[in-house]
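Asker: Have a look at the structure that comes next, please.
The values are calculated or read from the model by the stated rules, or taken from the named source; none is laboratory data. Treat the numbers as computed from the prediction; the structure is a model and nothing was measured. A quick note on method: Cβ atoms are made from the backbone with ideal geometry, for glycine too, and the neighbour counts reach across all protein chains shown.
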Amino acid sequence: MVGSNPKSYRYACVRRVASPDATTHGLRWRLVGIACLLAPLSLALAQCGRAPNPATLAANASAAPGDTFEDRFPKPEFRDRFPTEGESFQQRQLADVTPRRTVQTYRVASLEPTLSLPRPSAPNKEELTTLISMRSSAFPYNGNNPASDSPFLNVSSGDRRGHRGYSGRVYWQDQTYNDSRVLVHIPENFDVRKPGVIVVFFHGNGATLERDVRDRQLVPQQISDSGVNAVLLAPQMAVDAADSSAGKFWQPGGFKRFMAESVDNLARLHGDPASAKAFAKMPIVIVGYSGGFLPTAWSLEVGGISDRVRGVILLDAVYGELDKFAAWIENHRSGFFVSSYTHYTARHDRELMRMLREKGVTVQEDMNRPLRPGSVMFVETGEGITHRDYVTQAWTKNPIEQVLVKMAAPSMRVAAGTAPTTSR
């Protein structure tokens, strides 16, 4: 109040606060003041959990200067995106902006195989050389000897039966004429789907398939080394004996039956029974060494499939049956005939050459020219070439291999063979 005594006013206030009634009255006012403060807070807490009112937000929002969208996110100018003449782009690699991750290696399936899986009837199988028993092989044989028209087994002693040859020596059936096995060889690279040939080898006297044909004369190896798509069949003739008897190959159709049974065995050993049809159509080349001339000649004469025989190779083997060889050569001009000889058979080879020339057949006396259908070649070998080693060393080393190389068309090659050498 204007004009009041300040001291009196200050004293009055102190007296009021100090009195009991004043104290109670002041506490009430304090509580009222606290309630007034808590009321807005309680209203705010009551609004928690409820979405704000859009109208309230719009009404309370005021555009502050410098807070527009354009102010906060300015549009980039040309100079911000492209350097000036004095500047240059900073070169960055993809690795600079790509998040670094730990590289893990996984094995996943490929759309194309990464391994060369074998196909049925495909090449590149393991080389196979084995012995199999065949009923149609040369022995056992219980028929007649066509030379005498008498039983082949013409000697007996108790239960044993045997054959007495022209020399007078007796060979017993259970020791000499009872082995029906055939040596079969399928080279590693043989492919039955390609043009091929079946080589039939008739061994000479005093031989066995394993000791001589396979290991000493290397006939299976020569087939493989030629690189020609060929397989080998070598029937056991008289076992380790000085005997050239032909056994079942003397019989009409004997060679045909042998080849029919061989086809089934070749298909089974090759691993594809369906390949029997391909084997049944393959041409045949017969190789006769020494005493093997006899089954060779009779197979050509009465074997029943002489038209499938596309070639004959005689290795110091023209000891007789010249008429049978001459007849096949004359009547099968699509086949080839090769005879290599030493002084042991020179007389018979020259006689055969004379017979052929009289029939109008062209005869060549060397192996330097190409071997074609209808070729007839005779090759005489000089001193130092032995009859025993003739299968591996005649006019050239490994003559079977060399003739196959000269014979084969490019379509019959399945591996790199050795180039044929000249005659000596």
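Asker: Given the criterion touching an Asp or Glu at 6+ places or on another chain (Cβ under 6 Å) and of a type in the set (A, V, I, L, M, F, W, C), identify the matching residue among V239, V219.
Answerer: Criteria check complete, one pass: V239.
Asker: For residues that are surrounded by fewer than 24 Cβ atoms within 10 Å (Cβ to Cβ) and not β-branched (V, I, T), tally how many sit in segment 234-244.
Answerer: Of the residues in that region, 5 qualify.
Asker: Residues of segment 400-424 being modelled with pLDDT under 50 and polar (S, T, N, Q), which ones?
Answerer: Those that are modelled with pLDDT under 50 and polar (S, T, N, Q): T418, T421, T422, S423.
Asker: Residues that are in contact (Cβ under 8 Å) with a residue 40 or more places away in the chain, at least 2 per element: which strands (runs of 3 or more DSSP E) completely within segment 159-202 meet that?
Answerer: 181-186, 197-202
Asker: Report, by residue number, each residue of segment 331-349 that is more than 42 Å from the chain's Cα centre (by Cα), in a helix (DSSP H, G or I) and loosely packed, with under 15 Cβ neighbours inside 10 Å.
Answerer: Within segment 331-349, just R347 meets the criteria.
Asker: Looking at segment 125-158, which of its residues are assigned to a loop (DSSP other than H, G, I, E, B) and either of a type in the set (F, W, Y) or loosely packed, with under 13 Cβ neighbours inside 10 Å (or both)?
Answerer: Of everything in segment 125-158, those that are assigned to a loop (DSSP other than H, G, I, E, B) and either of a type in the set (F, W, Y) or loosely packed, with under 13 Cβ neighbours inside 10 Å (or both) turn out to be E126, R135, F139, Y141, A147, S148, D149, F152, G158.
Asker: Another question, then. Enumerate the pairs (first residue in segment 237-257 and on the phi > 0 side of the Ramachandran plot; second residue anywhere and at pLDDT 95 or above) with beta-carbon separation below 6 Å, excluding pairs fewer than 6 apart on the same chain, so at least 6 apart or on different chains.
Answerer: Taking only residues 6 or more apart or on different chains, the pairs are D240/G206; D240/T208; G247/A138; G247/F139; G247/Y141; G253/G304.
Asker: I would also like to ask the following. Got a sec? Which of A274, A267 is in a helix (DSSP H, G or I) and either buried (at least 17 other Cβ atoms within 10 Å of the Cβ) or not assigned by TED's automatic domain parsing to the domain that holds F202 (or both)?
Answerer: A267
So that you can scan it fast, the table gives a plain yes or no per residue for (1) aliphatic (A, V, I, L, M); (2) within 30 Å of D389 (Cα to Cα); (3) within 30 Å of the chain's Cα centre (by Cα):
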{"residue": "P252", "(1), (2), (3)": "no, no, no"}
{"residue": "S275", "(1), (2), (3)": "no, no, yes"}
{"residue": "K281", "(1), (2), (3)": "no, no, yes"}
{"residue": "V287", "(1), (2), (3)": "yes, yes, yes"}
{"residue": "G292", "(1), (2), (3)": "no, yes, no"}
{"residue": "T296", "(1), (2), (3)": "no, yes, no"}
{"residue": "E301", "(1), (2), (3)": "no, yes, no"}
{"residue": "R310", "(1), (2), (3)": "no, yes, yes"}
{"residue": "V318", "(1), (2), (3)": "yes, yes, no"}
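Asker: Would you call L233 under 21 Å from L404 (Cα atoms), in a helix (DSSP H, G or I) and touching a strand residue (DSSP E or B) at 6+ places or on another chain (Cβ under 8 Å)?
Answerer: no
Asker: Any chance segment 207-218 includes a residue that's buried (at least 20 other Cβ atoms within 10 Å of the Cβ), of a type in the set (G, A, S) and assigned to a loop (DSSP other than H, G, I, E, B)?
Answerer: No, segment 207-218 contains no residue that is buried (at least 20 other Cβ atoms within 10 Å of the Cβ), of a type in the set (G, A, S) and assigned to a loop (DSSP other than H, G, I, E, B).
Asker: Can we say F258 is part of a strand (DSSP E or B) and buried (at least 16 other Cβ atoms within 10 Å of the Cβ)?
Answerer: The answer is no for F258.
Asker: Has segment 291-300 got at least one residue that is within 23 Å of S180 (Cβ to Cβ), touching a residue at least 40 places away in the same chain (Cβ under 8 Å), surrounded by fewer than 17 Cβ atoms within 10 Å (Cβ to Cβ) and of a type outside the set (D, E, K, R)?
Answerer: So far as segment 291-300 goes, no, none of its residues is within 23 Å of S180 (Cβ to Cβ), touching a residue at least 40 places away in the same chain (Cβ under 8 Å), surrounded by fewer than 17 Cβ atoms within 10 Å (Cβ to Cβ) and of a type outside the set (D, E, K, R).
Asker: If a residue must be buried (at least 19 other Cβ atoms within 10 Å of the Cβ) and of a type in the set (S, T, Y), how many such residues does segment 159-179 contain?
Answerer: Counting residues in segment 159-179 that are buried (at least 19 other Cβ atoms within 10 Å of the Cβ) and of a type in the set (S, T, Y) gives 3.
Asker: Here are some residues: L352, L356, L314, L371. Which one is in a strand (DSSP E or B), in the same structural domain as H203 (by TED's automatic domain parsing) and either more than 23 Å from F258 (Cα to Cα) or under 42 Å from the mean Cα position of the chain (by Cα) (or both)?
Answerer: L314
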